[in-house]
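**Student:** Take this structure first; my questions come after.
The values are calculated or read from the model by the stated rules, or taken from the named source; none is laboratory data. Everything numeric here is computed off the predicted structure, so don't read it as measured data. Neighbour counts run over all protein chains shown; Cβ positions are idealised from the backbone, glycine included.
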Amino acid sequence: MLNLSDKELASKIQHTNVNPELTPDDIRGLCDDCKHFGFNGVMIQPQWVTLAKEELKGTNIQVATCMSFPMGAQKTEVKVFEAQRCFADGADQLDWMPNVGFLKAGMYDEYQNEIAAVVKAAGGKVVKIMLEFGMLTREEKIKAAELARDAGATYLKNSSGWGKGGHATIDDIQLLKRIAQDKCEVKASGGIRTRQQALSLLEAGASLLGTSAGPQIITGIKGNDDSIAD
């Protein structure tokens, strides 16, 4: 098992809350948590990117946002526009979901081309692909990860952590790490609640963790965890 200090572990965590009822004060609170614990980044809905960017000015904390979430069924041109707008508003990173139906139907060119289009729209910024492993067979997991890797994804992400997307498992993260090779990195997300889970997933190959339980993971004190996706 990895042995990381609180500071080292916090630097691997993206503090996540994408609940629809969040207010500006909630966003400020998330940003305060990030500064207090030294989290890698904050993960929020696109509406709050400019506010978070202002709150985190002068720090190295990343502002990450989610797009095409949680269904992934918008037209590709809509996803391209939304990606451009997220980055124009100041997002440093973008986590988003491609059309799972393309993959399920064997429409591999459409699936990969959509990812490539958003990667191009990002203009070199960090793009993480929510692969929603909870909906996929093992063969589909492998195919999805290979297509995303070859389309230029910065990170392969097992799940949005919402609904049918599934929770992070050691097996899935090890699989993603093998497929990623040296072309991209791996983010684990979904159901990460304890320090032991976090360390196990990092040891399995993740370089980032998405969770709404970051403060609890660092302090060991159970808190109120009601974020939709993590």
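**Student:** Select from segment 43-69 the residues that are in contact with an Asp or Glu (Cβ under 8 Å, 6 or more places away or on another chain) and assigned to a strand (DSSP E or B) and write down the one among them that is surrounded by the most Cβ atoms within 10 Å (Cβ to Cβ).
**Tutor:** The extreme case among them is MET43.
**Student:** Determine whether THR169 is farther than 18 Å from TRP96 by Cα and not hydrophobic (A, V, I, L, M, F, W, C). Before you say what the answer is, go through the steps one by one.
**Tutor:** Numbers: farther than 18 Å from TRP96 by Cα: yes; not hydrophobic (A, V, I, L, M, F, W, C): yes.
For THR169, the condition - farther than 18 Å from TRP96 by Cα and not hydrophobic (A, V, I, L, M, F, W, C) - is met.
**Student:** With the requirement that a residue be surrounded by 14 or more Cβ atoms within 10 Å (Cβ to Cβ) and either modelled with pLDDT under 95 or in a helix (DSSP H, G or I) (or both), what does segment 82-94 give you?
**Tutor:** So in segment 82-94, the residues surrounded by 14 or more Cβ atoms within 10 Å (Cβ to Cβ) come out as 82-87, 89-94.
Answer for segment 82-94, where residues must be surrounded by 14 or more Cβ atoms within 10 Å (Cβ to Cβ) and either modelled with pLDDT under 95 or in a helix (DSSP H, G or I) (or both): GLU82, ALA83, GLN84, ARG85, CYS86, PHE87.
**Student:** Do you know which residues across segment 164-180 are farther than 19 Å from HIS15 by Cα and at pLDDT below 95?
**Tutor:** Within segment 164-180, LYS164 is the sole residue that qualifies.
**Student:** So, one more: Quick test of your reading of the structure: LEU176 fulfils all but one of (1) under 20 Å from MET67 (Cβ atoms); (2) surrounded by 23 or more Cβ atoms within 10 Å (Cβ to Cβ). Name the failing condition by number.
**Tutor:** The number of the failed condition is (1).
**Student:** Which pairs do you get when a residue that is closer than 13 Å to THR16 by Cα and among the aromatic types (Phe, Trp, Tyr), found in segment 40-64, comes within reach of a residue that is at pLDDT 95 or above and in a helix (DSSP H, G or I), reach meaning Cβ atoms under 7 angstrom, with the pair 6+ apart or on two chains?
**Tutor:** Cβ pairs passing all conditions: TRP48/ILE27.
**Student:** Right, next: Looking only at strands (runs of 3 or more DSSP E) that fall completely inside segment 135-230, which ones have 3 or more residues that are under 17 Å from VAL18 (Cα atoms), in contact (Cβ under 8 Å) with a residue 40 or more places away in the chain and touching a strand residue (DSSP E or B) at 6+ places or on another chain (Cβ under 9 Å)? Write out each step before concluding.
**Tutor:** Working: elements: 155-157, 185-189, 208-211.
The strands (runs of 3 or more DSSP E) meeting that bar are 208-211.
**Student:** Search segment 1-31 for residues being among the charged types (D, E, K, R), under 18 Å from GLN216 (Cα atoms) and without any contact (Cβ under 8 Å) to a residue 12 or more places away in the chain, and hand back the single one that is surrounded by the most Cβ atoms within 10 Å (Cβ to Cβ). Explain how you work it out, then say what you get.
**Tutor:** Keep residues of segment 1-31 that are among the charged types (D, E, K, R), which gives 6-8, 12, 21, 25-26, 28.
Those left that are additionally under 18 Å from GLN216 (Cα atoms): 6-8, 12, 26.
Imposing the further condition that a residue be without any contact (Cβ under 8 Å) to a residue 12 or more places away in the chain reduces the set to 8, 26.
Numbers: GLU8: 12, ASP26: 14.
Of everything passing the filter in segment 1-31, ASP26 is surrounded by the most Cβ atoms within 10 Å (Cβ to Cβ).
**Student:** Here's a check for you: in segment 119-134, which residue that is part of a loop (DSSP other than H, G, I, E, B) and not charged (D, E, K, R) is nearest to ALA204 (Cα to Cα)? Spell out how you get there, then give the answer.
**Tutor:** If we filter segment 119-134 for residues that are part of a loop (DSSP other than H, G, I, E, B), which is where we start, we get 123-125, 131-132.
Within this subset, residues satisfying the condition of being not charged (D, E, K, R) are 123-124, 131.
Numbers: GLY123: 30, GLY124: 27, LEU131: 18 Å.
The residue in question is LEU131.
**Student:** When segment 179-217 is examined, which residues are found to be among the basic types (Lys, Arg) and either over 17 Å from the mean Cα position of the chain (by Cα) or surrounded by fewer than 19 Cβ atoms within 10 Å (Cβ to Cβ) (or both)?
**Tutor:** Initially, segment 179-217 is screened for residues among the basic types (Lys, Arg), giving 183, 187, 193, 195.
Once the filter is applied, which keeps residues that are among the basic types (Lys, Arg) and either over 17 Å from the mean Cα position of the chain (by Cα) or surrounded by fewer than 19 Cβ atoms within 10 Å (Cβ to Cβ) (or both), segment 179-217 yields LYS183, ARG193, ARG195.
**Student:** Where residues in segment 95-127 are surrounded by fewer than 23 Cβ atoms within 10 Å (Cβ to Cβ), out of contact with any helix residue (DSSP H, G or I) (no Cβ under 7 Å at 6 or more places or on another chain) and aliphatic (A, V, I, L, M), which of them is nearest to THR137 (Cα to Cα)?
**Tutor:** Result: ALA105.
**Student:** Hey, among THR65, THR76, which residue is modelled with pLDDT of 95 or more and under 15 Å from THR154 (Cβ atoms)? I'd like the intermediate steps shown before the answer.
**Tutor:** Numbers: THR76 fails: under 15 Å from THR154 (Cβ atoms).
On inspection, the qualifying residue turns out to be THR65.
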